[in-house]
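Worksheet: one structure, shown below.
The values are calculated or read from the model by the stated rules, or taken from the named source; none is laboratory data. Computed from a predicted model, the values in this text were never measured in an experiment. Cβ atoms come from the backbone with ideal geometry, glycine included; neighbour counts cover every protein chain shown. Please note that ligands, DNA and RNA were not included when accessible areas were found on the heavy atoms of the full protein model with its side chains. Shrake-Rupley method; radii C 1.70, N 1.55, O 1.52, S 1.80 Å.
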Amino acid sequence: MPAAAATPPSKHHAAYENWRPPVVGVALLVPVGTDCLAVADLQGTLMLPAGAVHTGQAPEDAAQHVLSGPACGMQFVRRVAVDWVQMRRMDVITHVLAAAPTTRDMVERLVYRDPRATIRVMPTLRLIDQTWPTIQTRILVGLQGLATGQIACIEAGTVQQQPCGSNRRGRSSGRSLHQRGMHWLQR
């Protein structure tokens with residue numbers, strides 16, 4: 001009589017717990033004229049200029065440290081989008097801030113926080129064609145938010161119709177995504 005094969009115990013999958021503080025950053029949408037954007041070119045990789053938001057720091061304050069130079073003190077109009085993604089054991093939250101439109105001359109004098117990168121001016125449509133899908137979404141949603149005056153929310157790569165964090169995985173957290181990110185920053 002053959003030996004009965006042992007059945008493995010069923011695995012219980014627990015939901016992720018965010019036991020690490022979220023990684024919070026800021027990306028800058030800097031319009032140049034009517035049809036171009038300022039971008040960081042990091043050894044051939046095009047991206048929106050970005051930086052970290054440190055504990056106790058507002059995203060608007062962090063944005064002032066991303067670009068420097070004679071043209072520093074750039075005026076940021078407002079937050080146009082919040083991009084959230086659940087990574088392993090933590091949230092990654094990126095606030096997209098839009099600057100007031102500027103000129104090519106002013107952008108050429110800006111210095112990015114990473115010395116390996118240079119700041120370039122590119123036509124918006126060409127930039128969208130040459131960047132990663134995550135950056136494409138941030139650019140398009142950010143420009144829409146700039147035009148409409150509303151803060152857009154991107155959760156796990158999907159643009160949401162409701163406020164950020166209000167219906168994450170079918171349950172309400174009671175606090176918006178922005179409030180959850182700011183809670184960790186204020187500690």
Q) So if we plug the beta-carbon distance of residue 86 and residue 45 into 1/(1 + (r/R0)^6) with R0 = 30 Å, what FRET efficiency do we get, rounded to 0.05? A) 0.80
**Q.** Accessible carbon and sulfur surface of segment 24-66 relative to its total accessible area, %, 1.4 Å
**A.** 50 percent
Q. Counting only heavy atoms of protein chains, what accessible area per residue, in Å², does segment 82-161 have with a probe of 1.4 Å?
A. 56 Å²
Q.
Which of the three applies to segment 43-134, rounded, prolate or oblate, going by the alpha-carbon gyration tensor with a ≥ b ≥ c and a/c under 1.5 meaning rounded?
A. oblate
Q) At a Förster distance of 25 Å, what's the computed FRET efficiency of residue 54 paired with residue 120, Cβ-Cβ distance as r, to 0.05? A) 0.40
Q. Quick one: length gained pulling residue 104 to residue 144 fully straight, 0.36 nm per residue minus the C-alpha distance?
A. 12.2 nm
Q: Could you work out how far apart the two model spin labels at residue 68 and residue 113 are, taking each label as a point 7 Å from the Cα in the direction of the beta carbon, and quote it in nm?
A: 1.1 nm
Q. Where in segment 112-137 does the label zone of residue 35 land, with the point 7 angstrom along Cα→C-beta and an amide N cut-off under 18 Å?
A. 121-130
